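We did not get these values from a lab; they are worked out from the coordinates using the rules stated. Just so we're clear, the structure is a prediction, and the values are computed from it rather than from any experiment. Positions of Cβ are generated from backbone atoms using ideal geometry, with glycine treated the same way; all protein chains shown enter the neighbour counts.
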């Protein structure tokens, strides 16, 4: 199987059910695909028991050691009685393998999308993130990397330039813009100065939070990395007022370095570039052209280049 061209071509329903059975469970044949692009995630019915969530990892993305770090972090958070969905330990292991696919199993925990327009909910999220960061600061990741310009700008830009998605007429502009943007971001981060790096959720947007009557719980630590605490805060706040409320809750359980607020704009810009590179790197996966068809259009790349130009202007203004 050519996993680069068709990473999940061999991941058939029978293989999924057989993998769950190999882990010691008895599937009842019911299976529901969950929303996931990077990996493949399924709800699998179990005979006379609650359904499980089976997550099959994208071949070649993370090393076994990096996935183990993610799982260990999730289990550490769970042991601290934090509402994070952690993988099930089976015979001392959380990362399993079946017929060439690595996978893990999780308990199913439902919920609804969080209502982050509510001050009460924002404060609740702030308290929860402070407690998660308290655990995250106890150790470091050695295998999962960090949020930096190389990983979130230079590497994604290289992927875009190496793909056929970027129109040839825009290649010189994109190349020049991303090179300049990377240099300006490095300068901006150096000007802000060093901030504490901790283990983070890493992709902390509302889609990775589920809410029940008992409150919020986090899912999907697949993007967990080392980085500044503010990375897990800014995407949950649609406005500065919302961010202030989030930080009020955070202050109840943790100290927040206000210096990190200056990182929000660089982190936002880095996320923009990284997202485009992520899609370019995954375009061979049939799920991506279906989900992100607009990225295959020249006008999307024109708008993206315009966004990069605006980001360059913004960084230059801060430098003056």
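Report the FRET efficiency, 1/(1 + (r/R0)^6), for residue 155 and residue 293, where r is their Cβ-Cβ distance and R0 is 35 Å, rounded to 0.05.
Taking R0 as 35 Å, the efficiency between residue 155 and residue 293 is 0.90.
Given that just one value was derived from the coordinates, which of (i) 23.1, 89; (ii) 18.1, 52; (iii) 20.5, 66 is Rg and Dmax of the Cα atoms in Å?
Recomputing Rg and Dmax of the Cα atoms in Å here picks out (iii).
Of all the Cα-Cα pairs you can form in region 196-252, what percent are over 16 Å apart?
50
Using the beta-carbon distance between residue 137 and residue 303 and R0 = 45 Å, what value does 1/(1 + (r/R0)^6) give for FRET efficiency, to the nearest 0.05?
0.70
How would you rank 271, 241, going from fewest to most other Cβ atoms within 10 Å of each one's own Cβ?
Listed from fewest to most nearby Cβ atoms, that is 241, 271.
Running a GNM on the chain with Cα contacts under 10 Å, which residue among 292, 56, 141 ends up with the highest mean-square fluctuation?
292
Can you figure out the FRET efficiency of residue 109 with residue 80, using R₀ = 25 Å and their beta-carbon distance, to the nearest 0.05?
Working from the Cβ atoms, E equals 0.90.
Taking 0.36 nm per intervening residue step and subtracting the Cα-Cα distance, what contour gain separates residue 252 from residue 12 on full extension?
Contour length minus Cα-Cα distance gives 81.6 nm.
Determine the gain in length on full extension of the stretch residue 163-residue 275; use 0.36 nm per residue of separation and subtract their C-alpha separation, reporting nm with one decimal.
38.9 nm
Quick check on packing: order 19-27, 111-119 by the mean number of other C-beta atoms within 10 Å, highest mean leading.
19-27, 111-119
Please build a GNM for the chain, connecting alpha carbons under 10 Å apart, and tell me which residue among 266, 194, 83 fluctuates the most.
Maximum among the listed residues: 194.
Could you please tell me the mean projected area of the C-alpha convex hull for region 59-183, averaged over all directions and given in square nanometres to one decimal?
Mean projected area of the Cα convex hull: 12.2 nm².
How large are Rg and Dmax for region 159-267 when calculated on the C-alpha trace, in angstrom?
In order Rg, Dmax, the Cα atoms of region 159-267 give 17.4, 53 Å.
Using Cα-Cα distances under 8 Å and only pairs 6 or more residues apart, what relative contact order does region 5-56 have, in percent?
Once normalised by length, the contact order is 25 percent.
Tell me, what is the Rg over Rh of region 13-107, with Rh the Kirkwood radius over Cα pairs?
0.95
So how many Å³ per residue does the convex hull of the Cα atoms of region 74-141 work out to?
Considering the Cα atoms of region 74-141, their hull volume per residue is 138 Å³.
For the chain, modelled as a GNM with alpha-carbon contacts under 10 angstrom, which of 94, 259, 178 fluctuates the most?
259
If we count other beta carbons within 10 Å of each Cβ, what is the order of 124, 275, fewest first?
If I rank by nearby Cβ atoms, fewest first, I get 275, 124.
At 0.36 nm per residue, and after removing the present C-alpha to C-alpha distance, how many nm does the segment from residue 241 to residue 310 gain when stretched out fully?
Gain on stretching residue 241 to residue 310: 22.4 nm.
Show that you can apply the helix-only estimate: for the chain, add -39,500 (n - 2.57) for every DSSP H stretch of four or more residues, divide by all residues, and state [θ] at 222 nm to the nearest 500.
Calculated mean residue ellipticity at 222 nm is -13500 deg cm²/dmol.
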